[in-house]
Every structure is written in structure tokens, then in C-alpha cells.
Amino acid sequence: YVLSFPKTFTGTMNGYDYALRRAETADIRGKNYIDKSAGQSTFMSTMRISEWGAAVPEKVVDVKRAAVIDSASASKRANVPFWSIIPGIDWNADYRWAHQNIRDGSATYGGISKFVADNARVKSISVTELVFIKDTAANVSLIFNNDSLARIDIEFVKPPVYAELVSQIKKGIGIAPVKEVNVTTAATASYVDWEVNDAKTGLTMFATVKEMQGVVSFSAEIK
């Protein structure tokens with residue numbers, strides 16, 4: 001991370017390990033930022049500023065998604081334009097970036113599966129009670145193939161109004177569905193299907209929203 005201030009300062013930064021033992025100390029003079037973007041981060045840090053200096057421009061850095069070391073597992077996709085139902089998680093997301101985005105993001109959730117630091121071809125992230133639509137909560141599964149997001153499965157545990165969700169998805173996807181079935185009997189599902197083609201990438205997104213006996217779900221997959 002990079003922590004930037006609008007003024008230079010004089011101070012001392014201490015880093016601590018998991019047992020809260022001091023692992024590092026750094027005196028900072030005449031700078032207006034702390035750069036911890038490289039190297040091993042400590043479990044906890046404290047900063048004591050003893051004096052402020054001159055006003056200077058804040059330091060801004062570009063956030064880049066982590067590159068995959070193993071080229072055999074590297075993402076084969078870039079600039080995939082399809083709409084995603086989960087804000088902040090687009091179809092260009094890789095496994096590491098998506099896990100961190102959910103884990104450290106502002107959206108509330110009940111739990112998230114452990115990060116797996118290997119180069120397996122297929123990986124998944126499971127999130128319980130994720131809130132990404134107001135007044136709802138859902139269990140979410142993200143499937144990655146060759147470190148590219150390939151499938152999103154969602155089942156709402158606190159569902160939205162089905163018609164309102166369908167309207168939101170229609171607006172997000174931006175094209176007419178290929179099939180829409182609305183029923184009133186409890187034993188039959190209402191559902192809407194989309195098939196969205198992108199000529200530039202040659203990819204197709206298949207998406208379905210469904211409601212049956214009060215259970216609302218959504219799935220989308222790229223092929």
C-alpha cells in the first residue's frame with residue numbers, strides 16, 4: 001500500500017508481527033508518503049508524526065492486478081465487455097484480484113472461502129450472504145478457468161422482488177433476452193435467458209435469472 005499526506009512530515013513508523021512484536025522501525029523525514037507496495041507487509045503498523053512541513057502534491061499510484069507467474073495458467077482474456085451483476089467484479093477479473101476485491105472491499109458478506117495460492121487451472125471463490133444489491137443478500141460462487149472469471153452463480157438468501165431484478169438485469173445487459181417465461185403456478189419456474197455475443201473477442205455470455213417457489217437465482221457463463 002501507499003499512504004500519502006498533503007504535507008511533508010517528520011515521524012516514526014513501527015511495524016509489528018502477528019504476536020505484536022516489533023519487527024521494523026523507520027524514521028521518516030521530509031517525505032509526504034509511506035510506500036509499502038514492495039516487500040513483506042507487517043501484521044500491524046503504527047505511525048507517530050512529530051512535525052508537519054510544507055504542503056506538497058499527494059502521491060498517486062496506479063493499481064494494477066497481480067500478474068500470474070506461471071504462464072501456463074495465465075489469463076487468456078482481456079477487455080471483455082460483458083456486464084457483470086456484481087459491482088466491481090468484471091469479467092476481466094483474475095482469481096487473486098477478485099478475492100482481494102471482495103475480502104477488502106466495502107460490500108458486506110458473511111464469509112469467504114480461503115485464498116488458495118497455487119496454479120490450478122480451475123479455481124473458485126465462495127461468498128456467503130454477500131450484499132451487492134440494496135436490501136438483499138446472496139450466496140455467490142465465482143468460477144475461474146485459467147485465471148479468468150468464467151462463471152458466476154448466485155442464489156439469494158434474502159431475495160429481491162423478482163420483477164425488479166429482471167428489470168435491473170435487462171438494463172445492465174442492454175439487449176433483449178432470447179427467451180422469457182412468466183408463470184403463476186408454484187410448481188413451475190419463471191425465467192429469462194440471454195445470449196450475448198462479442199465479435200471482437202469471439203466470446204459469448206449466457207445468462208439466466210430464475211424464480212421458483214420464492215427462490216431467486218442468477219447465473220452467467222462465458223464461453
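Entry remark, region 117-158: residues being among the small types (Gly, Ala, Ser) and touching an Asp or Glu at 6+ places or on another chain (Cβ under 8 Å) number 5 in total. In region 164-192, the residues that are surrounded by 11 or more Cβ atoms within 10 Å (Cβ to Cβ) reach residues that are outside any strand (DSSP E or B) with C-beta atoms within less than 6 angstrom, at least six apart or across chains, in these pairs: Gly172/Trp83; Ile173/Trp83; Ser190/Asn182; Ser190/Val183; Val192/Val166; Val192/Pro177.
Can you tell me how many residues within region 97-114 are without any contact (Cβ under 8 Å) to a residue 40 or more places away in the chain and not in a loop (DSSP other than H, G, I, E, B)?
9
For region 99-112, a tally of residues being loosely packed, with under 15 Cβ neighbours inside 10 Å and closer than 22 Å to Glu221 by Cα returns 1.
Asn197 - would you say it is under 22 Å from Trp91 (Cβ atoms) and under 21 Å from the mean Cα position of the chain (by Cα)? In short, no.
Out of the residues in region 113-125 that are under 15 Å from the mean Cα position of the chain (by Cα) and exposed (fewer than 14 other Cβ atoms within 10 Å of the Cβ), which is farthest from Leu149 (Cα to Cα)? That would be Lys114.
Since every read-out is calculated from the coordinates, none of them should be taken as a lab result. Quick caveat: nothing in here was measured; it's all calculated off a predicted structure. Neighbour counts are summed over all protein chains in view; Cβ atoms, including those assigned to glycine, are modelled from backbone coordinates with ideal geometry.
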